[in-house]
Each structure stands twice: as C-alpha cells, then as structure tokens.
Amino acid sequence: MIKITYFPHGTTKDNENKISSGWSDAELSELGIQQAAELKDRIRDKHFDVVFCSDLKRAVNSAKLIFGDEIKIISDARLRECNYGKYNSGPSEVVEPMQEENIIKKFPEGESYEDVKLRIGDF
C-alpha cells in the first residue's frame, strides 16, 4: 500500500504581500521558514520513504528545511501550482476572483485548473 501525505510549502514573501505567485519563483518568508521548522518538529516521529515537491524554490526550500538530507527529495515541474500566465505575480485581489472562471478556461498565456489536474495526474 502507498500512503501519501500532503504538506503545502511555507508562507512566501509574495503571500505576505498579497501576490499570487503562480509559476513565479517566490522566496519563503521568515514565517515560512518558521512554519517549516514547526512542521519538522511535529512530524519527527513519522516515517517517510521519499519526498516529492514542485521544482519552484518555495517548495524545494520547504522540503529541505523539513527533511534535510535524511530523506531523498525529488522535485518535479509537474507538481507546480497553476500557471496564471500573464497574472503570475499578480495581485491576489485580481487573481483569486478569476480562479473559479478558469477551472476549464485557461488563464491568459497560462493554464486552467483542468490542465493542472492533467499535469499532476501525469506525475
């Protein structure tokens, strides 16, 4: 049996500035670094065989802070969040209201959430 546990990456500087990063490579904020340390402590008695994450540095850095060199970390672009296209790094007040209408329709120069589902399914 395969058991999958999902953890989101830590808070980014973009999150704190109300920016929807999408495929932009946002850095973890101090809070995000602290969240990773707290998660590491909460799961210290759990066993993981491997960690998969997006190739964006917020996900890779979160994984490294939590698991270090103890567990193999494999990054893969197919695990990225939605590509908001021309709205990558756009204000969340603009991007977030667009999300529901872009379940099937692509973001301009980006992808739809159906595209994300297929991409992750391919993973």
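The values are calculated or read from the model by the stated rules, or taken from the named source; none is laboratory data. These numbers come from a predicted model, not from an experiment. Don't worry about glycine lacking a Cβ; one is built from the backbone with ideal geometry, like all the others, and counts go over all protein chains shown.
Some observations on this one:
- Pairs are defined by a Cβ separation below 8 Å, a sequence spacing of at least 6 or placement on different chains, a first member in the range 42-57 that is under 18 Å from Asp69 (Cβ atoms), and a second member that is surrounded by 13 or more Cβ atoms within 10 Å (Cβ to Cβ) and basic (Lys, Arg); no pair meets this definition.
- Criterion: in contact with a strand residue (DSSP E or B) (Cβ under 6 Å, 6 or more places away or on another chain), hydrophobic (A, V, I, L, M, F, W, C), closer than 20 Å to Thr5 by Cα and part of a helix (DSSP H, G or I) - qualifying residue of Val60, Val51, Val116: Val60
- Selected residue (only one of Ser75, Ser89 is of a type in the set (Gly, Ala, Ser) and either loosely packed, with under 11 Cβ neighbours inside 10 Å or touching a residue at least 60 places away in the same chain (Cβ under 8 Å) (or both)): Ser89
- Which numbered condition Leu65 fails, given (1) exposed (fewer than 13 other Cβ atoms within 10 Å of the Cβ); (2) of a type in the set (A, V, I, L, M); (3) more than 12 Å from the chain's Cα centre (by Cα); (4) modelled with pLDDT of 95 or more: (1)
- Considered as a group, the residues in the range 48-62 that are aliphatic (A, V, I, L, M), crowded, with 16+ Cβ neighbours inside 10 Å and more than 22 Å from Phe107 (Cα to Cα) include one that is nearest to the chain's Cα centre (by Cα), and that residue is Ala59.
- Across the range 95-113, the number of residues qualifying as loosely packed, with under 15 Cβ neighbours inside 10 Å and either in contact (Cβ under 8 Å) with a residue 24 or more places away in the chain or in a strand (DSSP E or B) (or both) comes to 2.
- The lone criterion from (1) assigned to a loop (DSSP other than H, G, I, E, B); (2) in contact with a helix residue (DSSP H, G or I) (Cβ under 9 Å, 6 or more places away or on another chain) left unmet by Arg78 is number (1).
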